[in-house]
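Everything below concerns the one structure shown next.
The values are calculated or read from the model by the stated rules, or taken from the named source; none is laboratory data. As the structure is a computational prediction, the values presented were derived from the model and not from experiment. Here the Cβ positions follow ideal geometry from the backbone for every residue, glycine too, while neighbour counts run over all protein chains shown.
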Amino acid sequence: MNTLKIYNKSKYFRYSISAKLVVAVLLTVTCIWIINATYNYSYFFNLLKEQAVRDESQKLQYVVTQVNNMQDEVIRLARQMSIESEIQAIAQYEEKDIFDKLVIKGNIKKKLMSYINVRDYLYSVSVITPYTEILSSNQQEIVFDPAEEAWYGELKEKHPKGGFSRLHGYRLEQEKIPQQVISYLITYRNMNVPQDIIGDIIINVGHKELESLVKLEDTLLSGYALYDKWGDALVEKGTITATIEECLSTKQQELLLENGNILLVNTDLKDGWLFVSEISKALLVDKLKYLQYFFVGVGIIGLVLVYIILYYFIKKLMNPVEQLHQAAIEVGKGNFSFQVNIHTCDEWEVLGHAFNNMVNNIENLMKESVEKERILKEMELNRLMLQINPHFIYNTLNNIVYMAQKVEATEIIAFTNAFTSLLQDTIKLNKDSIMTTLDQEIKNIKNYLILQQYRYPDRFEITYSYDEKLLKCEIPNILLQPLVENAIFHGLAAKLEKGSLVITITQVEEQLRLSVADSGIGMSKERIQDLLQNDQEIKGEMRSIGVANVRQRIQQIYGAKGNLTIDSVEGVGTQVVIHIPYYVARENN
């Protein structure tokens, strides 16, 4: 028979089951933990990123609202000025005398000066008419020629109805360096004759004040900018990587750029103004770096705690395996007294009890095997001790028969022949086997009873009851003769009246039933127990084999399938019954 041997050279498989289980579980938990931590980090990072974008959008919206309010206020102010009576009086300027003209111009300047004090970002308000020179709220303002101002011509050409201009210079008489302003222009008409255009109203908004109004916290921003309808940056801080074309063409309020930055675009402003801010990916990641530290720290602490808990429970779970492993080593060394002590109230406890029972059964089987071997050796020794030199006995018995024939002593001849036949069969059986046939056993009993009838003449009658087909059955050697001897010497010989000896053999299903019954004096229960437990010798007989020996051999040969029972009534008789498996003897067996 070929045996398949599997060797795994991996060092991992040289460790115990407990160590392998711990490593496998911890590796699995670590992988799951890392995947889960990565997913959670990504989820919370995106969540906080979205929150940061929303915060920046709200900041942007707040600034846009401020600028929008400024635009609304400038537009409203310009419209309100266009319907003021002092401004509308320009329409009758040519019809007035010199004094009235001076009064009209004076009233206009006073009215204009009353408006510039409304807000700090209002530098000046000017009125341009074809009837008078340019009238301004600021007397130090250098009078400009509209035809020479590019921003004015461009605005009048492209936006005749008015609007906000480009960023341009604004200069006072005492200032050498001009200031930067954005001008709002509106063309106003005669309220009495709407088709008549009176002139233009120009409101100059200071650039510095606009910058202070358009101010964002740049913690996460790479830059922000306010663009006019011309695409020029009115206010710009930092760096906007997106082009103005990209800002104008996008229809989304949020745009993810190729460099990972997020562009926020707001188009809620008047006159085509556009406000954008760009969130830096690097600054956003740097701000959320604490989240990485948090997840790494929590992950390490969590893994350590999970490792400790799992290691404890795995060691506790594998403790029965360690006990069984140690027990297997001890049993392998021959220590069958080693027992496992497992009380887990689960399958391990059942397995532990099964292991203990198995070890106990193995120990009992080994003891039984040793005991059987000892008994078989004793039986073999007894068989050898019973052997004597047959030739010497046969010659002696033949001489006795020869002398009896000379004096014609027929009883001596019959007695000696029966004894010789019994002796020959006994020696032959003892020599060849511990098993014999029922036929041979009956012959030996008949020869034996011939001898006993000479010893106890007319003391008992013998009756045989069996089927001839049963004679080929196989039974242990010298099975019935000790029972017959016991029936004669302990039952019939002690009785004064003539008794009977009945030998009955029958087949009961798969069992062979052998019965030896006598009508002797019987025996007590104590005597029966003593007879079954002690192998008592019958003095004067040819063997020292008693009933206990017969019972012991039946148990050794047949186990639970064979048994011997004794039923006895004092003063009535005794019956010994043997049950053994029914086997037909095979030839040469």
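Within the range 57-83, track down each residue that is more than 30 Å from Tyr224 (Cβ to Cβ) and surrounded by 17 or more Cβ atoms within 10 Å (Cβ to Cβ).
Once the filter is applied, which keeps residues that are more than 30 Å from Tyr224 (Cβ to Cβ) and surrounded by 17 or more Cβ atoms within 10 Å (Cβ to Cβ), the range 57-83 yields Met81, Ser82.
Looking only at the range 227-257, residues that are within 22 Å of Ala52 (Cβ to Cβ) and at pLDDT 85 or above come to 5 in all. Across the range 453-475, the number of residues qualifying as farther than 21 Å from His490 by Cβ and either assigned to a loop (DSSP other than H, G, I, E, B) or in contact with a Phe, Trp or Tyr (Cβ under 9 Å, 6 or more places away or on another chain) (or both) comes to 6. Looking only at residues in the range 175-210 that are in a loop (DSSP other than H, G, I, E, B) and either touching a residue at least 24 places away in the same chain (Cβ under 8 Å) or among the hydrophobic types (A, V, I, L, M, F, W, C) (or both), the one that is farthest from Lys156 (Cα to Cα) is Ile177.
Would you check if Ser337 is among the polar types (S, T, N, Q) and within 27 Å of Tyr558 (Cβ to Cβ)?
Values: among the polar types (S, T, N, Q): yes; within 27 Å of Tyr558 (Cβ to Cβ): no.
Judged against the criteria, Ser337 is not a match.
Kindly check whether there is at least one residue in the range 497-505 that is of a type in the set (S, T, N, Q), over 60 Å from the mean Cα position of the chain (by Cα), at pLDDT below 90 and closer than 19 Å to Asn563 by Cβ.
Checking the range 497-505: not a single residue is of a type in the set (S, T, N, Q), over 60 Å from the mean Cα position of the chain (by Cα), at pLDDT below 90 and closer than 19 Å to Asn563 by Cβ.
Determine if the range 518-525 includes at least one residue that is within 60 Å of the chain's Cα centre (by Cα) and either at pLDDT below 85 or surrounded by fewer than 19 Cβ atoms within 10 Å (Cβ to Cβ) (or both). Scanning the range 518-525, I find no residue that is within 60 Å of the chain's Cα centre (by Cα) and either at pLDDT below 85 or surrounded by fewer than 19 Cβ atoms within 10 Å (Cβ to Cβ) (or both), so the answer is no.
Criterion first (over 23 Å from the mean Cα position of the chain (by Cα) and either assigned to a helix (DSSP H, G or I) or closer than 26 Å to Ala24 by Cα (or both)) does Met366 satisfy it? Against the criterion (over 23 Å from the mean Cα position of the chain (by Cα) and either assigned to a helix (DSSP H, G or I) or closer than 26 Å to Ala24 by Cα (or both)), Met366 qualifies. Close contacts from the range 298-317, counting a first residue that is closer than 18 Å to Leu21 by Cα and among the basic types (Lys, Arg) and a second that is surrounded by 10 or more Cβ atoms within 10 Å (Cβ to Cβ) and at pLDDT below 80, with Cβ to Cβ under 7 Å and a gap of 6+ residues or different chains, come to Lys315/Ser18. A single entry from Leu479, Leu483, Leu449 fulfils the requirement of being assigned to a loop (DSSP other than H, G, I, E, B), over 60 Å from the mean Cα position of the chain (by Cα), buried (at least 16 other Cβ atoms within 10 Å of the Cβ) and not β-branched (Val, Ile, Thr): Leu479. In the range 201-215, the condition of being over 19 Å from Val125 (Cβ atoms), at pLDDT 85 or above and out of contact with any helix residue (DSSP H, G or I) (no Cβ under 9 Å at 6 or more places or on another chain) is met by at least one residue. Evaluation of Leu269 against the conditions (1) over 59 Å from the mean Cα position of the chain (by Cα); (2) without any contact (Cβ under 8 Å) to a residue 24 or more places away in the chain shows that the sole unmet condition is (2). Between Gly272, Gly334, Gly260, Gly297, the distinction of being surrounded by fewer than 16 Cβ atoms within 10 Å (Cβ to Cβ) and modelled with pLDDT under 80 belongs to Gly334 only.
Listed by first and then second residue, the pairs linking a residue in the range 359-371 that is under 15 Å from Asn335 (Cα atoms) to a residue that is not charged (D, E, K, R), with Cβ atoms under 7 Å apart and 6 or more places separating them unless they lie on different chains, are Val359/Val331; Val359/Phe336; Ile362/Phe336; Glu363/Phe336. Scanning the range 240-285 for residues that are closer than 19 Å to Leu226 by Cβ, in a helix (DSSP H, G or I) and not hydrophobic (A, V, I, L, M, F, W, C) returns Glu245, Glu246, Ser249, Lys270, Asp271, Gly272.
Would the range 120-139 turn up any residue that is modelled with pLDDT under 80, of a type in the set (D, E, K, R) and either part of a strand (DSSP E or B) or surrounded by 13 or more Cβ atoms within 10 Å (Cβ to Cβ) (or both)? Within the range 120-139 (the criterion being modelled with pLDDT under 80, of a type in the set (D, E, K, R) and either part of a strand (DSSP E or B) or surrounded by 13 or more Cβ atoms within 10 Å (Cβ to Cβ) (or both)), the answer is no, since none of the residues qualifies. Among the conditions (1) charged (D, E, K, R); (2) in contact with a Gly (Cβ under 8 Å, 6 or more places away or on another chain); (3) in contact (Cβ under 8 Å) with a residue 60 or more places away in the chain; (4) outside the structural domain of Pro146 (by TED's automatic domain parsing), the only one that Glu236 does not satisfy is (3). Looking across the range 527-582, the residues that are exposed (fewer than 15 other Cβ atoms within 10 Å of the Cβ), in a loop (DSSP other than H, G, I, E, B) and at pLDDT below 85 come down to Asn534, Glu537, Lys539, Gly540.
Quick check, is Asn46 without any contact (Cβ under 8 Å) to a residue 12 or more places away in the chain and over 52 Å from the mean Cα position of the chain (by Cα)?
So Asn46 does not fit the description; no.
Considering the range 73-101, the residues that are of a type in the set (Asp, Glu) and assigned to a loop (DSSP other than H, G, I, E, B) include one that is modelled with the lowest pLDDT, namely Asp97.
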